[in-house]
C-alpha cells in the first residue's frame, strides 16, 4: 500500500523526518515511510541494549532468572532480571555469555530451547522483556512512561491510559516519534475528525514517544491572566499582540 494511497484515507496523517536538512541520509521513499508508521503485521520486538529480560524454565529454578513460574516471579524491585549490556550480551546461568541484541523473543526462546534440550527433556522456556515502554508527553492528564506487555498498542489506548486529553490539547497536531536504526521519524496525526478515529488510531511500538502539543490559546490565556489585573483591557491586548509578533 503506497503512502499516497493511504493519504486518501488518512488525509491528516503524514510522515516526515526530523533530521531532514541535517545532512543525514534517510530513506524517505513511499515504501520506507509506509513500513514505519502504517500497520505492519510482521512486526516483532527486537531485544535492545539496556533491556531487562527474564528467563523462565519450568521446574528449573537454577536456570531461571525472575521466573514467571516461581512463587516470586519477575520484579524489578528485587532485581529479578538480566540486563543486556553494551555489547548486546547477557550472562545466563550455566550457559554463560550469550549475545541477544536484535533477537526477537521467539528466536531467543527457540535458541534457549535447543541449548536446554541437551540437558532437559522437552524444556518449557519463556522469555519476557520487562521494560517495553511507550512515553506520552504534553497535554494529557497523566503524562508518563507506560510499560506494556504486548508487541504493540494503539494510539487511543495509550491516550486513554494517560487519562485523556487536557483542555488545551491540540488534537490536530499529535506527534508520534519512532526510532528506526539511527534515524528518528515523526508522524503528524489529526484526531479532530470524529468519523476517522479508527483510521488514524495507528499502532504504537515499544520505544515510541507520543507528544500532544498545546493550542496557541493556552499561551494567550496565561498571558492575559497575568496582565489584566494590572492594566486596562486595551493595554493588555496591545502587549499581547506584541508578544505574538
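The values are calculated or read from the model by the stated rules, or taken from the named source; none is laboratory data. This is a predicted model, so every value here is computed, not measured. Here Cβ is always computed from backbone atoms with ideal geometry, including for glycine, and neighbour counts include all displayed protein chains.
Worth a mention:
- Inside segment 128-150, residues that are assigned to a strand (DSSP E or B) and more than 18 Å from residue 177 (Cα to Cα) make up a count of 2.
- Of the residues making up segment 95-108, those that are in contact (Cβ under 8 Å) with a residue 60 or more places away in the chain and either touching a helix residue (DSSP H, G or I) at 6+ places or on another chain (Cβ under 6 Å) or assigned to a strand (DSSP E or B) (or both) number 1.
- Test: residue in segment 71-94 that is without any contact (Cβ under 8 Å) to a residue 12 or more places away in the chain, farther than 30 Å from residue 174 by Cβ and in contact with a helix residue (DSSP H, G or I) (Cβ under 9 Å, 6 or more places away or on another chain): yes
- When the residues of segment 198-223 are filtered to those that are closer than 30 Å to residue 44 by Cα and part of a strand (DSSP E or B), the one that is modelled with the lowest pLDDT is 203.
- Candidate set from segment 158-197 (those that are touching a residue at least 12 places away in the same chain (Cβ under 8 Å) and assigned to a helix (DSSP H, G or I)); member that is surrounded by the most Cβ atoms within 10 Å (Cβ to Cβ): 159
- Whichever residue in segment 121-157 is without any contact (Cβ under 8 Å) to a residue 60 or more places away in the chain and in the same structural domain as residue 63 (by TED's automatic domain parsing) and, among such residues, is nearest to residue 68 (Cα to Cα): 122
A quick yes/no check of all residues on (1) surrounded by 13 or more Cβ atoms within 10 Å (Cβ to Cβ); (2) at pLDDT 50 or above:
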site: 4; (1), (2): no, no
site: 51; (1), (2): yes, yes
site: 55; (1), (2): yes, yes
site: 65; (1), (2): yes, yes
site: 84; (1), (2): yes, yes
site: 94; (1), (2): no, yes
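- The one condition in (1) within 24 Å of the chain's Cα centre (by Cα); (2) modelled with pLDDT under 95 that residue 47 fails to fulfil: (2)
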